[in-house]
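The values are calculated or read from the model by the stated rules, or taken from the named source; none is laboratory data. Remember, it's a predicted structure, so these values are computed and weren't measured experimentally. When we count neighbours, we look across all protein chains shown, and the Cβ atoms used for this are built from the backbone with ideal geometry, even at glycine. Just the protein is used for accessible areas: all its heavy atoms, side chains included, with ligands, DNA and RNA removed. Shrake-Rupley method; radii C 1.70, N 1.55, O 1.52, S 1.80 Å.
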Amino acid sequence: MQNSSAFMEFMLQTQAKGYQKLQGYDDDLLKKLYPEERMEVEDIIYKLFLNGDSQIAKFLPKLKQYNGVSLLDNKLKECKIPSGASVNYAIALYKGTYDSKYLVVVMDNIKFNNWNDRLSILTLLQECKPKKELCKIFEKVCLEDENEIVRNCSANGVLYCKGLIKDINDSTQKSKFREIRCKLASNDTEVRIETLKNL
């Protein structure tokens, strides 16, 4: 039997280095596999996770033959903050359980990271289902972050959580709210406060 293209791409990514490694794994991998490939891929995911591949964390809550949530939770307790691993584990756990305690870990990472890493974390958070507690993080960053680029990214998250932007990856939708986004990212704190109040 010939393997699916999803399986082949996954195997290539497990061996990736440098820039290719940074591209990460296909979020829809488990849906695209042939049913007979699933168990083998789960075994590989489990082994990669135990070997410290934190990018693989997003698949753990979806595994059928392993208790991925428990594995992630234990690994998260061992992590230092800030760290890329703690962000990957916490976001995977939040997506898998919607328990807001994991957002505390994410917020701690936002507080202690440089602006570029904060931007990456906020982008990952925008992949989560819109929720009230998620919106609070985006609002807090809009109000408190000193970097305008970070505030602008967070403004997209606010609009997404409020239901104004339906697809976070659609630049046409985002452009409709350019004025609001500019106000939420403004260097004037009062403008940001007032804009959030009026949303």
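Taking the condition farther than 26 Å from L199 by Cα, without any contact (Cβ under 8 Å) to a residue 40 or more places away in the chain and loosely packed, with under 14 Cβ neighbours inside 10 Å, does N74 pass? The answer is yes for N74. Is it the case, given these coordinates, that K176 is over 27 Å from Q55 (Cβ atoms), open to solvent by 80 Å² or more (accessible area, probe 1.4 Å) and in contact with a Lys or Arg (Cβ under 9 Å, 6 or more places away or on another chain)? It is false that K176 is over 27 Å from Q55 (Cβ atoms), open to solvent by 80 Å² or more (accessible area, probe 1.4 Å) and in contact with a Lys or Arg (Cβ under 9 Å, 6 or more places away or on another chain).
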